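The values are calculated or read from the model by the stated rules, or taken from the named source; none is laboratory data. Keep in mind it's a predicted model, so treat the numbers as computed, not measured. Neighbour counts are summed over all protein chains in view; Cβ atoms, including those assigned to glycine, are modelled from backbone coordinates with ideal geometry. Keep in mind that these areas ignore ligands, DNA and RNA; they rest on the heavy atoms of the full protein, side chains included. Shrake-Rupley method; radii C 1.70, N 1.55, O 1.52, S 1.80 Å.
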Amino acid sequence: MKALFQEYRPVLRFILLFLGSYLLLTLLYQGYLNWSVGGSYPPDYVTNLVARQTTQLLTDFGYDAKVIPYPGIASMVLEVNGKPIAQIVEGCNSISVIILFVSFIIAFAQGFKKTFFFLLAGAAMIYVVNLFRIAFLTLALNKYPEQEELLHNIVFPGIIYGMVFLLWVVWVRMINNKKEESHD
């Protein structure tokens, strides 16, 4: 049994670090969401910020965009040229995706400084790409409302999760290159 544990120690370490950090970060995030209920920034500060920043991005692209709280539902409605197009809810703010990304990187941590800066850069990239994702999704839904299912549930989630996967690949390759260099 001890030999088996030793053989699979790296795998067990990864699983425990990944699940532990994912659980901890998810619980902290859920606490934040519970704390945000009824606050000044509906539905919560981060989602509200994402909605406002996406609106600014659309405005910068030349569209007449505005965002307003949706009465009775924890979301924001994004209007383009006076037409309500998209509803931005908590799941749109990229925090859950960032938690998934961070948990994986922590599970493969390689030195505090290198890991910390990769986490910051990766989380910032995910956040910014998410803003563009919501903006482009809004424009696509405005032009092709009949394609909502495909665009919202397949194409645009594929963009954000594909980026997370690519960041994971970059991280693992950086780790492997460092290990190969230290063995030379």
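Points to keep in mind about this one:
- Using C-alpha pairs under 8 Å with a sequence gap of at least 6, the mean separation divided by the residue count of the chain gives a relative contact order of 19 percent.
- Residues whose amide H comes within less than 5 Å of that of Ala86, counting only those at least five positions distant or on another chain, are Leu78 (H built at 1.01 Å from N in the peptide plane).
- Lys pairs under 21 Å by Cα in the stretch 30-184, provided they are eight or more residues apart or on distinct chains: 7
- Charge dipole (debye, nearest 20) of the chain; +1 at Cβ of Lys and Arg, -1 at Cβ of Asp and Glu: 580
- Helix 156-183 vs. the chain, principal-axis angle (Cα, 0 to 90°, nearest 10): 20
- Computed from Cα positions, the angle between helix 9-36 and the longest principal axis of the chain comes to roughly 30 degrees.
- Length gained when the stretch Tyr41-Thr59 is fully extended (0.36 nm per residue, less Cα-Cα span): 4.4 nm
- When the helices of the chain are scored as -39500 (n - 2.57) per DSSP H run of n ≥ 4 and the total is divided over every residue, the value at 222 nm lands at -23000 deg cm²/dmol.
- When the Cα positions of Tyr29, Pro71, Asn48 are compared along the charge dipole of the stretch 1-90, Tyr29 comes out farthest toward the positive end, with charges on each C-beta of Lys, Arg, Asp and Glu.
- Of the accessible area of the stretch 1-43, computed with a 1.4 Å probe over protein heavy atoms only, carbon and sulfur atoms account for 71 percent.
- Note on Glu7 and Leu33: with the Förster distance fixed at 45 Å, the Cβ-Cβ geometry gives a FRET efficiency of about 0.65.
- Translational diffusion of the chain, µm² s⁻¹ [Kirkwood Rh, Cα pairs; Stokes-Einstein; 10 °C; 1.306 mPa s]: 86
- Tilt relative to the chain, helix 112-143 - C-alpha long axis, 0 to 90 degrees, to 10: 30
- 1.4 Å probe accessible area per residue over the chain, in Å²: 62
- Pair-distance distribution of the stretch 35-127: all C-alpha pairs, bin width 5 Å, starting at 0; shares per bin in whole percent are 3, 13, 19, 17, 15, 13, 10, 6, 3, 1, 0.
- Length-normalised contact order for the stretch 1-71 - Cα pairs under 8 Å, 6+ apart - percent: 15
- Projecting the Cα positions of Val102, Phe132, Phe116 onto the charge dipole of the chain (unit charges on Cβ atoms of Lys, Arg, Asp and Glu, taken about the Cα centre) puts Phe116 furthest along the positive direction.
- Whole-Å distance, taken between Cα centres, linking the stretch 1-61 and the stretch 106-140: 12
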